[in-house]
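Reading through the structure tokens given below for one structure.
The values are calculated or read from the model by the stated rules, or taken from the named source; none is laboratory data. This structure is a prediction, so every number in the text was calculated from the model and none was measured. For neighbour counting, all protein chains shown are included, and Cβ atoms are generated from backbone atoms with ideal geometry for every residue, glycine included.
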Amino acid sequence: MELLSGAEMVVRALRDEGVKYIYGYPGGALLHVYDALFQQDEVEHILVRHEQAATHMADAYARATNKPGVALVTSGPGATNAITGIATAYMDSIPMIVITGQVMSFLIGEDAFQETDMLGISRPIVKHNFSVTRAEDIPSIIKKAFYIAQTGRPGPVVIDIPKDMTTPTERFPYEYPKSVKLRSYNPVTKGHSGQIRKAVDMLLAAKRPMIYTGGGIIMGDASAELTEFAHLLKYPVTNTIMGLGGFPGTDPQYVGWLGMHGSYESNMAMHHSDLILAIGARFDDRVTNAVDKFCPTARIIHVDIDPASISKTVQADVPIVGPAKAVLEEMIQLVKESKKRPDQDALDAWWKQIDEWRGRHGGRYRTDDSEMMKPQQVIEMLSKVTNGNAYVCSDVGQHQMFAAQYYKFNKPNRWINSGGLGTMGFGLPAAMGIKLNFPESDVVCVTGEGSIQMNIQELSTCKQYDIPVVIVCLNNQSLGMVRQWQDMNYESRHSQSYMNSLPDFIKLVESYGHVGMKVTKYSELEGAMREAFAMKDRLVFMDIYVDPFEHVYPMQVPRGSMRDMWLSKTERT
Amino acid sequence: MRHIISVLMENEPGALSRVVGLFSQRNFNIESLTVAPTDDSTLSRMTVMTTGDERVIEQITKQLNKLIDVVKVVDLSEGDHIERELMMIKFKANGQMRAEIKRTADIFRGQIIDITPNTYTVQLVGSSDKLDAFIASLGNASIMEVVRSGVSGIARGEKVLTI
Ligand SMILES: Cc1cc2nc3c(=O)[nH]c(=O)nc-3n(C[C@H](O)[C@H](O)[C@H](O)COP(=O)(O)OP(=O)(O)OC[C@H]3O[C@@H](n4cnc5c(N)ncnc54)[C@H](O)[C@@H]3O)c2cc1C
Ligand SMILES: Cc1ncc(C[n+]2csc(CCOP(=O)(O)OP(=O)(O)O)c2C)c(N)n1
Ligand SMILES: [Mg+2]
């Protein structure tokens, strides 16, 4: 057996896991590992400009592929800089491996130089974390970390490696484990058949059914099964913002996404439904609005791989613990075998009602009340220019909601956003992580002039590695989402939501060696956008000036039910 | 409602902090907590006494089960079980109080485990209620120090918590 140092084992184990890129930043505690990286060329390291970006790049790779991305950061400040990225992945259940350097094991606890208790700091925001106490355990720990990160409900795993575990002169026989078994961790592989049968019976008897799905469809690779199941029954489908693309956005059965800024028709349909089939969605407070007023007439079937997601905020009538894909396969089979059929008259009446709601709002916005370009127009153009096929990586704010509302996603894993944590600064590194791995695809970062400045230093990384993403900055010269809340709840007192002293983004990106375009008129938008996407080998930053007074609608009324919404600045349900 | 939750977990460094952290992170209550290794040195057994409505207790057991180091979880209060707590209590014991403490300890089947001319230390084992009752019944004595182990529990009958 080959003898390798701890540092070499880290790199070799990553290679044996099939890892092509890792994203990171060196420092004292990791120098042995960086030296081992230097001496091979199978695992390529991407040097970011801030560790937060390394974690978002790894995370976005995982969102696009459902395979864990890997970040490598040094001890102390390197590790703490990665915290926001780990929390971002944790909140959205994204598989990721973060390897953190640590001070020598015999110095731990002595407030050594660049020591932080990474296990302690990361504990509440990881699926699990490991500390290496014997160098020869490195391969098995890495194997376990990958296994834990991507099975069951996925999530980030941190591996903390003290520097003396990577000493080049201490070598050990290396073998990468073929399999792993943990007596305390046994993710479910299928749902309870009795419960599934009961659920199907209820579904076939429903009069106003709704299928409400979420991120679990995307990460559980169950989009095809969901689509088949929904088509079989002809029931309306909505999803959370995390589930976009899990069901085709242009399908007539799709009623838009739901929740705080969800479509009028999906929120109305949820509220009036008599049976909700929830799959891989966690009844988040951005979705339910006040839980005591949530869907008063509906019974709830809840399918989730994590039992703790079921009946956490809203009580389920039929809980089903299992992976979305396997449960849906079983449901499809049962529906096909069953002699019962949905009540066609009831279903027709239900669809008639939903179409009426669709007609009432249906995602309209006003273009006549201002000279300025509307952010919604920009996203609709983006959807058109990229034929709905781009990877859309969003930052956080109004622009995120507009992107989710007006870009039509027909495929899963194409909409990449930070939903649970809502991390401004996520968009650009996310787009980079994806472009690097999918160089032939259109990859766009939709951002705001606020968010982009949270990780703008990564333009330098893009230069170093030639990562030609397109950045669509909806420049409303304000922290628009904050400002909207201030307009609606604080009599327009714009406390600290105005971004004066913005940089000249064009000059800024040019100084990094990229292309900048400023767009102020709608008539110039399509041409400019087509030009930007045609420049395949350059990063293009589109600084697009949009109406700073625009709000995102619909918007649920705080503490109301799902049907209580503002539909514009003046209309309320 | 008061619940006694037993947890079997890997005897690994950090395992305890994961459980304790989970309780504070998720705003769950801990009334008492005991932990020690079992006959199998790779496993520790923890007993958590907590309070909460049904929904909260369900979340507690589900969230505990999710921790990778946790092997098994049972809510002992769901079935017949025995719970015990150990208390050591030191009294100022002069004059006629000496006899009264001794008498009360006997009634509660406590033992005097340390004596000085001015103090008695009593050891008492029982349910938490019994320990509370003992303290209450010696309300006029002067208590110098109380130390309680927290509740441990085990199911009655043939039911066991093992792997
Ligand atoms: C400014 C802002 C506004 C927002 N507004 C909205 C809004 O209006 N509407 C909205 O929907 N969201 C909104 N969000 C996002 C929101 O905060 C939540 O992130 C989101 O609603 C959660 O989506 P989800 O329920 O699909 O859960 P996710 O976080 O995607 O969780 C997935 C669930 O699926 C389960 N799961 C994972 N894998 C599987 C599998 N293989 N099989 C079965 N189950 C599985 C998991 O256990 C989990 O319960 C907003 C975010 C921001 C930042
Ligand atoms: C790191 C971080 N800090 C603060 C917030 C709170 N927040 C949410 S949206 C928003 C404004 C975003 O502004 P911008 O990027 O310009 O987007 P816009 O809403 O204007 O489209 C803020 C401050 C956040 N989500 N993330
Ligand atoms: Mg803005």
**Asked** Do any residues in the range A:431-451 that are near ligand 2 (Cβ under 9 Å from one of its atoms) have Cβ atoms under 8 Å from those of residues that are basic (Lys, Arg), where the two are at least six apart or on different chains, and which pairs are they?
**Response** none
**Asked** Name the residues in the range A:408-424 that are in a loop (DSSP other than H, G, I, E, B) and within 13 Å of the chain's Cα centre (by Cα), would you?
**Response** A:PRO412, A:ASN413, A:ARG414, A:ASN417, A:SER418, A:GLY419, A:GLY420, A:LEU421, A:GLY422, A:THR423, A:MET424
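Let's see how each residue does on (1) away from ligand 2 (no atom under 16 Å from the Cβ); (2) in the same structural domain as A:PRO342 (by TED's automatic domain parsing); (3) of a type outside the set (Val, Ile, Thr); (4) more than 25 Å from A:ASP221 (Cα to Cα):
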| residue | (1), (2), (3), (4) |
| --- | --- |
| A:THR238 | yes, yes, no, no |
| A:ALA278 | yes, yes, yes, no |
| A:ASP284 | no, yes, yes, no |
| A:ALA290 | yes, yes, yes, yes |
**Message:** If A:VAL303 satisfies all but one of (1) free of Cβ contacts under 8 Å to residues at least 24 places away in the same chain; (2) within 14 Å of A:MET202 (Cβ to Cβ), what's the number of the condition it fails?
**Reply:** (1)
**Prompt:** Within the range A:439-492, how many residues turn out to be within 30 Å of A:ASN387 (Cβ to Cβ) and of a type in the set (Ser, Thr, Tyr)?
**Reply:** 5
**Request:** Give the residue that is surrounded by the most Cβ atoms within 10 Å (Cβ to Cβ), with candidates limited to residues of the range A:119-141 that are within 24 Å of the chain's Cα centre (by Cα) and under 22 Å from A:MET9 (Cα atoms).
**Result:** A:ASN129
**Prompt:** So B:VAL74 clears everything in (1) more than 22 Å from the chain's Cα centre (by Cα); (2) not in a helix (DSSP H, G or I) except one condition, right? Which one?
**Reply:** (1)
**Message:** Looking at the range A:456-478 only, could you name the residues that are within 15 Å of ligand 3 (Cβ to nearest atom), buried (at least 22 other Cβ atoms within 10 Å of the Cβ) and outside any strand (DSSP E or B)?
**Reply:** A:ASN476
**Request:** Scan A:LEU459, A:LEU382, A:LEU347, A:LEU428 and give me the residue that is among the aliphatic types (A, V, I, L, M) and within 28 Å of A:HIS271 (Cβ to Cβ).
**Result:** A:LEU347
**Selection status of A:GLU8, outside the structural domain of A:ILE218 (by TED's automatic domain parsing) and not in a helix (DSSP H, G or I)** = no
**Item:** Subset of the range B:113-145 [part of a strand (DSSP E or B) and either among the hydroxyl-bearing types (Ser, Thr, Tyr) or within 14 Å of the chain's Cα centre (by Cα) (or both)]
**Value:** B:THR119, B:TYR120, B:THR121, B:LEU124, B:VAL125, B:GLY126, B:SER142
**Message:** So B:ALA93 ticks every box in (1) within 14 Å of chain A (Cβ to nearest Cβ); (2) more than 20 Å from B:LEU161 (Cα to Cα); (3) of a type in the set (Gly, Ala, Ser) but one. Which box is left unticked?
**Reply:** (1)
**Request:** Looking for whichever is farther than 19 Å from A:PHE541 by Cα, free of Cβ contacts under 8 Å to residues at least 60 places away in the same chain and more than 16 Å from ligand 2 (Cβ to nearest atom) here; the options are A:ALA324, A:ALA316, A:ALA346. Which one fits?
**Result:** A:ALA316
**Prompt:** Residues of the range B:43-55 being without any contact (Cβ under 8 Å) to a residue 60 or more places away in the chain and under 19 Å from the mean Cα position of the chain (by Cα), which ones?
**Reply:** B:SER44, B:MET46, B:VAL48, B:THR50, B:THR51, B:GLY52
**Request:** Would you check if A:LYS163 is away from chain B (no Cβ under 14 Å), surrounded by 19 or more Cβ atoms within 10 Å (Cβ to Cβ) and closer than 23 Å to A:ILE83 by Cα?
**Result:** yes
**Prompt:** What number of residues within the range B:10-33 satisfy the criterion of being more than 14 Å from every other protein chain (Cβ to nearest Cβ) and buried (at least 17 other Cβ atoms within 10 Å of the Cβ)?
**Reply:** 1
**Request:** Can you give me the number of residues within the range B:42-55 that are closer than 11 Å to B:MET9 by Cβ and facing chain A (nearest Cβ under 10 Å)?
**Result:** 2
**Message:** Can you pull out every residue in the range B:92-143 that is under 28 Å from B:LEU33 (Cβ atoms), of a type in the set (Lys, Arg) and surrounded by 14 or more Cβ atoms within 10 Å (Cβ to Cβ)?
**Reply:** B:LYS130
**Request:** Might you let me know whether the range A:331-345 holds any residue that is more than 30 Å from A:ASN66 (Cβ to Cβ), more than 14 Å from chain B (Cβ to nearest Cβ), more than 32 Å from the chain's Cα centre (by Cα) and among the small types (Gly, Ala, Ser)?
**Result:** yes
**Request:** Report those helices (runs of 4 or more DSSP H) wholly inside the range A:29-147 carrying at least 2 residues which are in contact with a helix residue (DSSP H, G or I) (Cβ under 8 Å, 6 or more places away or on another chain) and within 14 Å of another protein chain (Cβ to nearest Cβ).
**Result:** A:77-91, A:118-122
**Request:** List every residue pair whose Cβ atoms sit under 7 Å apart, with the two residues 6 or more apart in sequence or on different chains, where the first one lies in the range A:490-511 and is loosely packed, with under 12 Cβ neighbours inside 10 Å and the second, anywhere, is in a helix (DSSP H, G or I).
**Result:** A:SER492/A:GLN486; A:ARG493/A:GLN486; A:SER495/A:GLN486
**Matching option when the condition is touching a helix residue (DSSP H, G or I) at 6+ places or on another chain (Cβ under 8 Å), outside the structural domain of A:ARG282 (by TED's automatic domain parsing) and closer than 30 Å to A:ALA224 by Cβ, among A:ILE452, A:ILE434, A:ILE471** = A:ILE434
**Prompt:** Which condition number in (1) within 16 Å of ligand 1 (Cβ to nearest atom); (2) at pLDDT 95 or above is the one that A:ALA532 fails?
**Reply:** (1)
**Prompt:** Which of (1) in a loop (DSSP other than H, G, I, E, B); (2) among the β-branched types (Val, Ile, Thr); (3) under 25 Å from A:GLN484 (Cβ atoms) does A:THR238 not meet, given it meets every other one?
**Reply:** (1)
**Complete:** Considering the range A:395-443, residues that are more than 17 Å from A:ALA62 (Cα to Cα) and among the hydrophobic types (A, V, I, L, M, F, W, C), and then whichever is farthest from ligand 3 (Cβ to nearest atom), we arrive at A:PHE409
**Asked** Considering only the range A:385-397, how many residues are away from ligand 2 (no atom under 14 Å from the Cβ) and in contact (Cβ under 8 Å) with a residue 40 or more places away in the chain?
**Response** 7
**Message:** Within the range A:14-26, does at least one residue satisfy the condition of being assigned to a helix (DSSP H, G or I), in contact with a Phe, Trp or Tyr (Cβ under 8 Å, 6 or more places away or on another chain), among the aliphatic types (A, V, I, L, M) and under 13 Å from A:ILE142 (Cα atoms)?
**Reply:** no
**Message:** Checking the condition under 19 Å from the mean Cα position of the chain (by Cα) and either buried (at least 17 other Cβ atoms within 10 Å of the Cβ) or away from chain A (no Cβ under 14 Å) (or both), which residue from B:GLU58, B:GLU85 passes?
**Reply:** B:GLU85
